[in-house]
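*Asks:* Take this structure first; my questions come after.
Just so it is clear, none of the values below were taken in a lab; they were calculated from the coordinates. Quantities reported herein were computed from a predicted structural model and do not represent experimental measurements. No Cβ is skipped: glycine too gets one built from the backbone with ideal geometry, and neighbour counts run over all protein chains shown.
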């Protein structure tokens, strides 16, 4: 009799769906029903129904709802943590199933940093899609830390960034070195005429959060007294500031062939020291697609030469 009851309970047990877990993760991370629904590309009413269904299945109160915000309960926080693990495991399952497919086929989401994307994508993306026509390539631009977080969460398959950068639980493949070059206006007031060296408070860099700032500081051995109090949000802004002689800067070699630099009429001078950053691919440690990512890395290296 007892065994019969247990079998019946097991058969009748309901489990959350992938959609419900995905929606709940979005709700916690956005802390707002409307914003989370928009991120999931569904109406707010449909989104709310899915969250309510999840609570009913778990027989638990996961969030406190108000007109302006959402408060996640302690049980909701635990559910969120487990949902993230489940979604990551599902992502790994999909990767395993793809392992038997042709290399560079199916969906591939690639994150790339702003100080690399404008100067490198045109050199390999079009040829890549023509050679591997079964590849569905999705590109996302963002700063390194943001891309890394998306990579670990499973939102991205791999990222193309500047190294070194401390990224745990990942594997990487260095593709090439990217030398730094000093750039300044021909009549710049920030360059000592005798030695052609930067004056104090003269060197413009990208804002905090851009890895190119940290790499320039480290690779070029820049002293604090040389750094300008001004900073730029992008390389385009950086160049415009240099053209206006607000300061001088260090630019990566990959940017020098762009029309952006060629039309600026700036003086470009190679650094006297061996200053560079490394450009490489990074993916989750243990990924079943690591061989595929290495193949992509070799493909990019051949196109960048």
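*Asks:* Given segment 208-305, report the % of alpha carbon pairs whose separation exceeds 20 Å.
*Replies:* Values: 2457 of 4753 pairs.
Here the long-distance tail beyond 20 Å is 52 percent of all Cα pairs in segment 208-305.
*Asks:* How large are Rg and Dmax for segment 112-243 when only the alpha carbon atoms are used, in Å?
*Replies:* 17.6, 58
*Asks:* Another question about this same structure. Measure nothing but the geometry: give the 0 to 90° angle between the long axis through the Cα atoms of 44-58 and the longest principal axis through the Cα atoms of the chain, rounded to 10°.
*Replies:* Orientation of helix 44-58: about 60 degrees from the principal axis.
*Asks:* Still on this structure: How long are the semi-axes of the equivalent ellipsoid of the chain, taking √(5λ) for every eigenvalue λ of the Cα gyration tensor, in whole Å from largest down? All intermediate terms of the calculation are to be shown ahead of the outcome.
*Replies:* Details: eigenvalues 455, 116, 50 Å².
Over the Cα atoms of the chain, the ellipsoid semi-axes are 48, 24, 16 Å.
*Asks:* For the residues 293, 124, what sequence is obtained by ranking on other C-beta atoms within 10 Å, fewest first?
*Replies:* 124, 293
*Asks:* With each label point set 7 Å from Cα along the Cα-Cβ vector, what nm distance links residue 88 and residue 223?
*Replies:* Going from the residue 88 label point to the residue 223 one covers 4.5 nm.
*Asks:* Now a separate question. Return the single residue from 214, 257, 199 with maximal mean-square fluctuation; model: Gaussian network over the chain, springs between Cα atoms under 10 Å.
*Replies:* 257
*Asks:* Efficiency by 1/(1 + (r/R0)^6): what FRET value for residue 189 and residue 257, r their Cβ-Cβ distance, R0 = 35 Å, to the nearest 0.05? Show your work: numbers first, answer last.
*Replies:* Working: r = 28 Å, r/R0 = 0.80.
Result of the calculation: an efficiency of 0.80.
*Asks:* Suppose only helical runs count, i.e. DSSP H with n ≥ 4. What mean residue ellipticity at 222 nm does that imply for the chain under -39500 (n - 2.57) per run, divided by all residues and rounded to the nearest 500 deg cm²/dmol?
*Replies:* Details: 12 runs with 129 residues, N = 305.
Calculated from helices alone, the mean residue ellipticity at 222 nm is -12500 deg cm²/dmol.
*Asks:* Still on this structure, please answer the following. Could you work out the relative contact order of segment 31-176? I mean the mean sequence separation of Cα pairs under 8 Å and 6+ apart, divided by the number of residues, in percent.
*Replies:* So the answer I get is 19 percent.
*Asks:* Still on this structure, I have one more. Roughly what angle does helix 74-98 make with the longest principal axis of the chain, taking Cα atoms, 0 to 90 degrees, to the nearest 10?
*Replies:* The helix 74-98 is inclined about 80 degrees to the chain.
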